1. How much mean residue ellipticity at 222 nm does the chain get from its helices, if each DSSP H run of length 4 or more adds -39500 (n - 2.57) and you divide by all residues, to the nearest 500 deg cm²/dmol?
2. Quick check: net charge around L115, other residues with Cβ under 12 Å of its Cβ, Lys/Arg +1 and Asp/Glu -1?
3. At 0.36 nm per residue, minus the direct Cα-Cα distance, what do E294 and W142 gain on full extension? Give it in nm, one decimal, please.
4. Can you check what the net charge comes to around D70, using other residues whose Cβ is under 10 Å from the Cβ of D70 (Lys, Arg +1; Asp, Glu -1)?
5. Can you tell me the Rg and Dmax of region 2-320, counting just the alpha carbons, in angstroms?
6. Going toward the positive end of the dipole of the chain, with +1 on Lys and Arg Cβ and -1 on Asp and Glu Cβ, which of V23, I161, V104 do you reach last?
7. If exposed means no more than 15 neighbouring beta carbons inside 10 Å and the site is in a DSSP loop, what's the longest run of the chain without any exposed trypsin sites (Lys or Arg not before Pro)?
8. To the nearest 20 debye, what charge dipole does the chain have about its Cα centre, counting +1 at the Cβ of each Lys and Arg and -1 at the Cβ of each Asp and Glu?
Amino acid sequence: MTFLELDDVSVTYRIAAGEVPAVRGVSLSLDAGAALGVAGESGSGKSTLAMALLRLLPRGARLGGRILLDGEDVLAMKWGRLRAVRWAEASIVFQGAQHGLNPVRRIGDQIAEPLLVHGLARPEAARGRVAELLEQVGLPTWRARSYPHELSGGQRQRVMIAMALACSPRLIIADEPTTALDVMVQAQVLTLIKQLVAENGISLIMISHDLSVLADVCDQLAVMYAGRLVEHGPAGEVFHEARHPYSQALAAAFPTVGDPASRLAPRGLGGDPPDPMRLPSGCSFHPRCPVAREECPTLDVELWPAGAGRRAACVHVREQSPAATKGETS
Ligand SMILES: Nc1ncnc2c1ncn2[C@@H]1O[C@H](COP(=O)(O)OP(=O)(O)OP(=O)(O)O)[C@@H](O)[C@H]1O
């Protein structure tokens with residue numbers, strides 16, 4: 001059953017110099033209990049898309065399209081409903097979020113806060129729930145009395161996951177949840193997230209520049225380039241047999257979990273991602289594409305079918321999909 005549906009979602013930031021089209025016409029859906037990974041280089045629009053899902057965009061950002069959360073139109077939600085949804089139905093774990101813990105408040109009080117604020121538990125019951133959550137994320141219950149500085153980075157990120165789980169959400173959005181952690185701790189936290197979403201039937205959207213991490217945790221993968229979706233399909237297939245040349249370069253760039261050197265640029269690709277205010281014509285990827293053709297700068301790119309449950313926005317894919325149906329334009 002579809003839990004989240006995005007239809008032609010776009011986000012434009014307005015800045016003094018003009019408009020920044022950060023997300024352009026993204027359509028996706030996510031089944032209840034499924035995990036979707038969103039990959040792409042820095043600036044491709046991943047975080048903007050994540051924030052758009054819960055209308056957490058900064059003032060001045062224009063959000064268009066349609067977002068349905070369990071059938072409910074997020075763009076039409078009144079403020080009170082939106083606020084309740086943000087904690088009780090969906091929650092976000094941000095990159096380096098552990099640094100956002102309040103240094104002068106005990107861990108237990110911080111985990112209990114969303115429960116108390118949303119009236120989901122009285123103080124006594126909240127204490128019990130905090131102990132349960134700490135156990136779930138692999139921390140001893142006495143840690144409830146600790147202050148953030150008494151915990152390691154990995155332990156603090158576990159606390160953030162406990163906070164995200166506190167109100168038993170049906171969706172967790174994890175934006176680079178392990179980027180700030182060392183490789184060993186990263187693997188432990190990823191295993192924990194994978195296990196918790198599976199055990200609790202929670203839908204997950206995980207954002208990363210690292211395709212190998214996403215392929216390990218998620219069922220589906222979506223690859224973004226310059227605000228557009230360029231490939232989407234089953235995680236293992238997109239990672240091991242990417243169809244879009246950009247996804248192929250991304251997949252080749254991350255042979256191991258969290259290799260920091262590969263953050264710089266996908267292997268085999270020259271240049272940088274385009275400035276969203278000066279996007280190349282036609283296929284936005286053509287200036288960096290190793291297999292670009294003469295027509296690519298003028299091509300009206302769409303997401304063409306690229307196998308069962310797969311789509312990719314590349315002219316080479318279109319050629320191999322004669323039955324291509326209309327998807328998205330680029
Ligand atoms: N508040 C803002 N105002 C104006 N432009 C913004 C704002 N936030 C992001 N952008 C721009 O929107 C584009 C997408 O940014 P976004 O942070 O969503 O990308 P990302 O893929 O999540 O990158 P990263 O991995 O570095 O977080 C970038 O060009 C960025 O500069």
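Computed from the coordinates by the stated procedures, all read-outs in this text should not be read as laboratory data. As the structure is a computational prediction, the values presented were derived from the model and not from experiment. Every residue, glycine as well, gets a Cβ built from its backbone with ideal geometry; the counts of neighbours run over all protein chains shown.
1. On the way: 10 runs with 98 residues, N = 330.
Result for the chain, helices only: -8500 deg cm²/dmol.
2. Numbers: positive: R122, R127, R129; negative: D109, E113, E124, E132.
Here the charged neighbours net out to -1.
3. Numbers: separation 152, 0.36 × 152 = 54.72 nm, distance 6.43 nm.
Going from the current span to full extension adds 48.3 nm.
4. Numbers: positive: R170; negative: E5, E72, E89.
That sum, taken over residues with Cβ under 10 Å, equals -2.
5. 20.0, 68
6. V104
7. On the way: sites that count: R59, K78, R105, R267, R293, K326.
Between the exposed loop sites, the longest stretch runs 106-266.
8. Details: 33 positive and 35 negative charges, 201 e Å.
Dipole size: approximately 960 debye.
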